[in-house]
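What follows is a single structure, written as structure tokens, with notes after it.
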Amino acid sequence: MSTDIETKNASQAAEAGERRINMIEAINDALDTMLGRDPDVIVMGEDVGYFGGVFRCTAGLQEKHGKTRVFDTPISECGIIGVAVGMGAYGLRPVPEIQFADYIYPGLDQLISEAARLRYRSATDYIAPLTVRSPFGGGIFGGQTHSQSPEAIFTHVSGLKTVIPSTPYDAKGLLISCIEDNDPVIFFEPKRIYNGPFSGYYDKPVEPWKKHKDSVVPEGYYKIPLGKARHVTEGEQLTVLTYGTMVHVAEAVCREKGVEADILDLRTLVPLDIEAIEASVEKTGRCLIVHEATRTSGFGAELSALVTERCFYHLEAPVERVTGFDTPYPHSLEWAYFPGPVRIGDAIDKILKD
């Protein structure tokens with residue numbers, strides 16, 4: 001029934017002239033919009049120019065905007081970020097791409113010691129308005145070197161903002177906000193949902209974004225403010241705090257189990273919409289946190305602490321977390337590691353039983 005409704009909605013959207021695109025196209029559209037709008041915006045990274053990026057997020061941009069605005073770099077993540085920091089201090093707004101989040105670690109010193117500290121150490125004389133784009137997360141059989149979720153590392157660093165979209169509409173609006181922001185931003189793109197939302201059932205056909213309501217993306221300029229969570233569904237049985245790919249997995253599980261959940265897509269981890277979280281937990285009295293990253297010191301630990309500190313007297317049960325395991329991301333056992341429907345369903349049963 002839901003598929004029929006989505007197909008009908010897609011047909012109605014087409015008749016109404018609404019544009020439905022996937023997340024790759026939405027990111028490309030955001031970059032194209034900002035390159036055309038602001039001459040200080042620069043796109044750079046490995047294979048982002050002539051080739052258009054390994055996932056094609058920058059396809060056609062070099063041809064349209066020129067080789068001085070969209071260009072390839074050597075395979076040096078430290079160099080890519082270091083140059084971007086210098087560009088930002090000079091007055092440009094660079095958007096460097098790190099081809100996979102797993103390869104961002106060589107650039108950590110530049111991000112933490114330089115980009116995140118520049119405004120403070122220069123007494124606001126200089127800023128580092130760079131937006132680092134990088135595909136992250138698993139679910140594509142990428143193994144340990146193409147599946148990591150390192151977002152918690154960056155949320156720990158004062159001076160960095162961390163943003164993770166879960167829909168094409170949000171991807172474009174949030175990316176434009178990041179590029180216009182005067183602080184350095186890490187923009188992680190959940191590559192498992194580049195082409196369509198994911199229910200967590202890897203053996204089922206991929207649903208294209210164009211059948212989904214959040215694939216309607218306006219042409220031209222618009223932005224979504226950082227620090228504002230999105231209500232995916234509203235309910236009073238429990239609160240689900242999540243982001244990225246896991247938004248869709250959690251929504252599918254709650255729908256299948258008939259649970260009326262208040263699902264919050266955090267969108268931005270820093271700044272965090274703590275007001276929305278508090279309001280939801282105070283309403284439901286129960287909280288489930290879901291993310292792909294490893295459990296220990298994952299961002300879910302911070303969320304759990306915040307909920308406990310701020311909503312303790314409203315909680316009817318302990319906060320539950322469903323996460324990846326404290327191991328390298330496995331290739332052959334990917335779906336045992338991935339927080340899928342079974343583990344999320346078990347956690348929901350436990351929290352509602354308490």
Exercise for the section: Collect residues whose amide H, placed 1.01 Å from N in the peptide plane, falls under 5 Å from the amide H of Gly45; neighbours closer than 5 in sequence don't count. Expected result: Phe71, Thr73, Glu97
Fill in the blank from the handout: Sequence order, the stretch 194-200: Karplus ³J(HN,Hα) from phi using 6.51 cos²θ - 1.76 cosθ + 1.60, θ = phi - 60°, Hz rounded, Gly and Pro as x, gives 3, 9, x, x, 10, 7, x
Exercise for the section: Compute the acute angle (0 to 90°) between the alpha-carbon long axis of helix 299-311 and the principal axis of greatest extent of the alpha-carbon atoms of the chain; round to the nearest 10°. Expected result: 60
Practice task
Quick one: which residues, 5 or more positions from Leu160 or on another chain, have an amide H under 5 Å from its amide H? H modelled 1.01 Å from N in the peptide plane, none for Pro or chain starts.
Solution key: none
Handout entry: Label selected from [x] 16.3; [y] 17.5; [z] 19.9, the criterion being mean projected area of the Cα convex hull in nm² as computed here
Key = [y]
Exercise for the section: Counting only C-alpha contacts under 8 Å and six or more residues apart, can you give the relative contact order of the chain as a whole percent? Expected result: 16
Practice task
Work out from phi, with θ = phi - 60° and the Karplus expression 6.51 cos²θ - 1.76 cosθ + 1.60, the ³J(HN,Hα) of each residue of the stretch 114-128, listed in order in whole Hz, and give x for Gly and Pro.
Solution key: 10, 4, 5, 9, 4, 4, 5, 6, 9, 6, 6, 5, 10, 10, 10
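Return one whole number: the accessible area per residue of the chain in Å², for a 1.4 Å probe. Please list the in-between numbers first.
On the way: 15040 Å² over 354 residues.
Value returned for the chain: 42 Å² of accessible area per residue.
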Practice task
Specify the residue with the greatest mean-square fluctuation among Asp47, Asp265, Asp109, computed from a Gaussian network of the chain linking alpha-carbon atoms under 10 Å apart.
Solution key: Asp109
Exercise for the section: Compute the long axis of helix 245-257 from its Cα atoms, compare it with the longest principal axis of the Cα atoms of the chain, and write down the angle in degrees, 0 to 90, nearest 10. Expected result: 20
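From Cα pairs below 8 angstrom and at least 6 apart in sequence, can you work out the relative contact order of the stretch 192-332, rounded to a whole percent? Don't jump to the answer; show the numbers that get you there.
Values: 224 pairs, mean separation 31.5, N = 141.
Contact order relative to length: 22 percent.
Just list whichever of Lys211/Lys257; Lys204/Lys283; Lys223/Lys350; Lys64/Lys213 have alpha carbons separated by over 32 Å in the model shown.
Numbers: Lys211/Lys257 23 Å; Lys204/Lys283 35 Å; Lys223/Lys350 39 Å; Lys64/Lys213 30 Å.
Violating the 32 Å limit, Cα to Cα: Lys204/Lys283; Lys223/Lys350.
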Fill in the blank from the handout: In degrees, nearest 10, the alpha-carbon axis of helix 23-37 is tilted away from the dominant principal axis of the alpha carbons of the chain by 40
Completion exercise
Phi-derived 3J(HN,Hα) across the stretch 345-354 with the Karplus relation (6.51, -1.76, 1.60, θ = phi - 60°), rounded Hz, x for Gly and Pro, is x, 4, 5, 5, 4, 5, 6, 7, 6, 5
Handout entry: Lys, Arg +1 and Asp, Glu -1 on Cβ, resulting dipole of the stretch 227-352 about Cα centre, debye, nearest 20
Key = 160
Fill in the blank from the handout: With only helices counted (DSSP H, runs n ≥ 4, each -39500 (n - 2.57)), the per-residue ellipticity at 222 nm for the chain, to the nearest 500, works out to -10500 deg cm²/dmol
Exercise for the section: Please report, in debye to the nearest 20, how large the charge dipole of the chain is about its Cα centre when each Lys and Arg carries +1 at its beta carbon and each Asp and Glu carries -1 there. Expected result: 320
Fill in the blank from the handout: Within the stretch 292-354, DSSP-loop chymotrypsin sites (Phe, Trp or Tyr not before Pro) with at most 15 other C-beta atoms within 10 Å are Phe325
Exercise for the section: Using a 1.4 angstrom probe on heavy atoms only, work out the carbon and sulfur share of the accessible area of the stretch 23-193 in %. Expected result: 53
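The values are calculated or read from the model by the stated rules, or taken from the named source; none is laboratory data. Just so it is clear, the structure is predicted and the values come from calculations on it, not from any experiment. Reconstructed Cβ throughout: ideal geometry from the backbone, glycine too, with neighbour counts over all protein chains shown. SASA here: full protein model, heavy atoms, side chains in, ligands and nucleic acids out. Shrake-Rupley method; radii C 1.70, N 1.55, O 1.52, S 1.80 Å.
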